[in-house]
Structure formats: C-alpha cells, structure tokens
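What follows is a set of notes on a single structure, which appears directly below.
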Amino acid sequence: MAKIDTLFRYLVTSKGSDLHLSEGSMPKVRIHGSVDVIPDQEILTGDSFRDLLGEICDPRAFERYLEGGDLDFAYEMDEDSRFRCNYLKQQFGLAAVFRLIPTEIIPLEKLGVPEVVKEFGHMRAGLVLVTGPTGSGKSTTLAALLDYINTNYSRHIITVEEPIEFVHRNKQSIITQREVPIQTPSFGEGLRAALREDADIVLVGEMRDLETISLALTAAETGLLVFGTLHTNNARKTVDRIIDVFPANQQSQVRTMLAASLRGVVAQLLCKRVDKPGRTAVHEIMFATPAVAAIIREGATQKLNDVITGGKAEGMQFMDESIWSKLREGMISPEEAYMKSIDKNRFKKYLPASSAQLGEASGASPQ
C-alpha cells in the first residue's frame, strides 16, 4: 500500500471530492464545496513529500514533471477508488490535486439531469457540448450519457481524455478509450485519428484550442456525433467561445459551420444545498432549432436567451429557471441562487434571508 493511500482513504470516507497537497502546507480535502485541513497530519515538506508523490507515478512521467512542472494521470487505489491526479509546481515547491472519480457510472436519472438530455444520445451526427466550470460534474454527466448510448445502441464510441476518468465496459457498443499523451499525443491528434477508425461517436475530453475545435466541427459535419466540453457557464457564452477562438477573417465561415453542425448545449453548475449536506446540479439546455441556427449565422447570440426561454416545448431550459426551481423547493439559499444566476435582479429581492421572504419565494410563481 502506498503511503498516500492513507490520505485517499480519508477523502473517500469523509465523502470528499478533492485532495489538495502542497509543499509547506497541511493536507486538505474539499467536502461539499468547502476546503478543510485533514486532522492529525504534518506539514508536507522536502524529500518525504517528493517521495509521497513519486510512489504512485510512472518514474519517467515523474521525471518529466520535475523538469516541466505539470503532469496529469489517473491512479487506482483499489477497485472502488480511482483518482484523477494533477501534479504542479507552486512558489514553495511541489503540489498536487487529486479528484475522486466514482467507479460506478451513475445513470442520468439519479444524477438529476433532465430527461430530455437523453435526446442527445439518440442523434447520429453533429456537435453536442457539455459545459460548466471546473468541478461542475461535466465528466459525470457525459459518462452517464455515454453509458445510456452503450446500453441502448450498437455504436463504436471513441473517447479522447486527459486522463481517462470513468472506465466504460462494452455493452451494446464498442468503447475505445484513449488517454492523452499516453495512447495519443494530443486531443487534436486523437480526434483526427478517430476519423479513420470507423467511429460513430467521439468524446473529446476538452476542446481547449483552435485545432481541436476546428477538427470537432469538421468531424461533426462529416457525419460523426461529437461530444465535447468547454469551461463556459451557459449556451450563449459557449457559442461565443467557439467562434472567438478563430481569427476574425474566419469567424463568418465558422458561424456557418457551427450553425449547421451544432445539435445542442448542456450547461451545468453545482449549487450548495441548504436542505441537507451536498450539492445539486442546475442546468441550461439548448437544442439546435432553425431559430438557433439563424442566430448563430447572424452572430446575434444575445438573442439565444429569448429562444431558450421560449423553447420549453422543445425541452429547452434557461439556467435561471433551473436555479429558480431549486430555490422554490428550498434546496438552495437565496445567496447561492443570486451568485450562480445570470439575471441577478431576478434573485436580488430574496437576498435578505428572512423567513418571510423565503416563504414568499416558495409561494411566488416564476417571473
């Protein structure tokens, strides 16, 4: 057993999500969004901390990390506990952050993801984007969606991830999982190769640069169903981010490509609960309709919010409606609703958290 496993076991038993280790500091864990010191531990220092990190890492990769300063990989402590590992350097020395990856893929229903998201699993081609800040559950939602496809359809699914998080077993589908930079040098190379590997569906773990985004658009246009992630908070920002990555002289062409290939956006945030310990997900959902395509081609993305608000019949949902629903049910606080909302004025009147106003919030109808 590796020495670091003691800290991992504390993370698992405390139902935390992340372990933070940093030279010159005490070990810390994130539990339900808050970061706390692990009791009865010493400050991490020098060679002992270096050995702690090196013990669970491939020696050659660890040498690269010591030279370059960044490293991503996955570590499996036991069959029930798998971790996404990020090694970095900071002003006082070495550091690492570990994210606990659930080994069981939770179905979409149990995640609280709206039923309509399954529609993306029925599609045969196009681009679907699952977005949200770091730690908002994008990977968990995508894993559940892929598992839904794997259970119900015969497809060849290729994932390109850094690192591989959820491990999928073949059910109805064949799933080929490739890790950057071990099985493929980059997201772009993995996506380019997928075009020659008889794929039906490609999951791109992160669309972080122009090459990857350009290849994803091309793959979606040529008949693949492409799932990708971005660190954006809502559908409008997602469309803007995709287009803004390209040089100005290419943006008109990219708008046309995106209008033709985009099938939808699921934006996800996690809100801290007040009714019980934990967090709950809120979602914005946009399906590509002729109106959405026209708005993207025009470059008038400010109109997307109105289309989403008016698209309830098609299964669309505006982020603030999802937040309002959780506030009305008493699951989140007015402060949390205000902080995560797009239209702050809508939630401002509920900020003084008196019982009278909370009662008013739960009884009022959405505006």
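The values are calculated or read from the model by the stated rules, or taken from the named source; none is laboratory data. A quick note: this is a predicted structure, and the numbers were derived from the prediction, not measured. Cβ: placed from backbone, ideal geometry, glycine included. Neighbour counts: every protein chain shown. Ligands, DNA and RNA are excluded from the accessible area calculation, which covers all protein heavy atoms including side chains. Shrake-Rupley method; radii C 1.70, N 1.55, O 1.52, S 1.80 Å.
Remark: region 306-312, residue by residue, has Karplus-estimated 3J(HN,Hα) of 5, 5, 5, 4, x, x, 4 Hz, where x stands for each Gly or Pro and the curve is 6.51 cos²θ - 1.76 cosθ + 1.60 at θ = phi - 60°.
Applying 1/(1 + (r/R0)^6) with R0 = 45 Å to the Cβ-Cβ distance of THR6 and GLN172 gives a FRET efficiency near 0.65.
Each label point was placed 7 Å from the Cα along the Cα-to-Cβ direction; for GLU197 and GLU221 their separation is 2.3 nm. Once C-alpha pairs closer than 8 Å and six or more residues apart are averaged by separation and normalised to the residue number of region 206-354, the relative contact order reads 19 percent. Looking at [x] -0.70, -0.99; [y] -0.81, -0.99; [z] -0.60, -0.86, which value of log10 I(q)/I(0) by the Debye sum over Cα atoms at q = 0.10, 0.12 Å⁻¹ comes from a calculation on the structure shown? Here log10 I(q)/I(0) by the Debye sum over Cα atoms at q = 0.10, 0.12 Å⁻¹ agrees with entry [x]. Using C-alpha pairs under 8 Å with a sequence gap of at least 6, the mean separation divided by the residue count of the chain gives a relative contact order of 12 percent. Based on DSSP H runs of at least 4 residues, each adding -39500 (n - 2.57), what is the mean residue ellipticity at 222 nm of the chain after dividing by all its residues, to the nearest 500 deg cm²/dmol? My calculation for the chain gives -10500 deg cm²/dmol from helical runs alone.
Summary value for region 89-200: 22 percent relative contact order, contacts being C-alpha pairs under 8 angstrom separated by 6+ residues. Only the Cβ atoms of Lys and Arg (+1) and of Asp and Glu (-1) were treated as charged; on that basis the dipole of region 246-302 about its Cα centre amounts to roughly 260 debye. Taking a Cβ cut-off of under 15 Å around GLN251, the surrounding Lys, Arg, Asp and Glu residues balance to a net charge of 0, with basic ones at +1 and acidic ones at -1.
Cross-link pairs exceeding 27 Å between alpha carbons, from the set LYS138/LYS312; LYS15/LYS312; LYS110/LYS303; LYS303/LYS344; LYS28/LYS326; LYS28/LYS237: LYS15/LYS312; LYS110/LYS303; LYS28/LYS326; LYS28/LYS237. Apolar share of the accessible surface for region 1-121: 49 percent from carbon plus sulfur atoms, 1.4 Å probe.
Within the chain, no whole DSSP H helix has Cα atoms reaching 24 Å or more along its own axis together with a mean Kyte-Doolittle score of at least -1.0. Near LYS89: Cβ cut-off under 11 Å, other residues only, Lys/Arg at +1 and Asp/Glu at -1. The net charge is -3.
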